[in-house]
Every structure is written in structure tokens, then in C-alpha cells.
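Data first, discussion second: the structure below is written as C-alpha cells.
The values are calculated or read from the model by the stated rules, or taken from the named source; none is laboratory data. If you're wondering where the values come from, they're calculated on a predicted model, not measured in any experiment. Note that each Cβ is placed from the backbone with ideal geometry, even for glycine, and that neighbours are counted across all protein chains shown.
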Amino acid sequence: MVDRPDKYRWSSYPYFTGEKEAPEWLEMDWLLSQFGKTRKTSWKNYKRFVKDINIKELGNPSDDITGGCILGTSEFVNWVKDTFLKSRETIKEIPQLRDWE
């Protein structure tokens, strides 16, 4: 792990802060539009947003993964199971779901 996002080799952070020119395939418009009306303002606000995150309070999202494949609250996981998985006859063939029946 790294202590700053710009130190991670595969991070898109330098592109979202305007420090590097982004590759064509990287879609940035929607995310940057959440941080300002102009590209320059968006870069600045995004950089501040990331800098101000308290990583100790953030927590690990993988703590909320159920069955190795569904991220969310227990209510959401149950909804997914009831809505999409109960009717699956082949559920035993999906390794992450073998214990869910």
C-alpha cells in the first residue's frame, strides 16, 4: 500500500487532478462534473476532497461483502438473494453461493 494516491503506480488520481494527461479510454467527465463547472475547478476540488478523507474513519468496504460477491447491507444482500438467486436451479454451481440455500 501507499500513503498517498499519487504514489500508487496504477492510480488514475494524477489524471483526475490534472497532473497528467489522461488516456483516451479513461472516462472522467461525470466524476469531475461532481466537483465543479470547469475542468480546473474540478481538478482542484477533487484533489482537496481526496486529501481531506480521513482514512481511519473510512473503513474497509470489503468488510461488508457477503458470500465473496455482494457488497451492501444485510437488507440489500437479502433483497438480491430473494430477487435474483432463489429461483436459480444451478445455484450450487456458483462457488460463492453454495452455502446460501
How about the stretch 19-78: which of its residues are under 26 Å from residue 2 (Cβ atoms), of a type in the set (A, V, I, L, M, F, W, C) and assigned to a helix (DSSP H, G or I)?
30, 31, 32, 43, 49, 50, 55, 58
Return the total of residues in the stretch 1-21 being surrounded by fewer than 15 Cβ atoms within 10 Å (Cβ to Cβ) and out of contact with any Pro (no Cβ under 9 Å at 6 or more places or on another chain).
10
Quick check on the stretch 67-99: of everything there that is surrounded by 11 or more Cβ atoms within 10 Å (Cβ to Cβ) and at positive phi, which residue is modelled with the highest pLDDT?
72
So which pairs qualify, if the first residue must be in the stretch 32-46 and surrounded by 15 or more Cβ atoms within 10 Å (Cβ to Cβ), the second must be among the aliphatic types (A, V, I, L, M) and part of a helix (DSSP H, G or I), the Cβ gap must be under 6 Å, and the two must be at least 6 apart or on different chains?
42/32
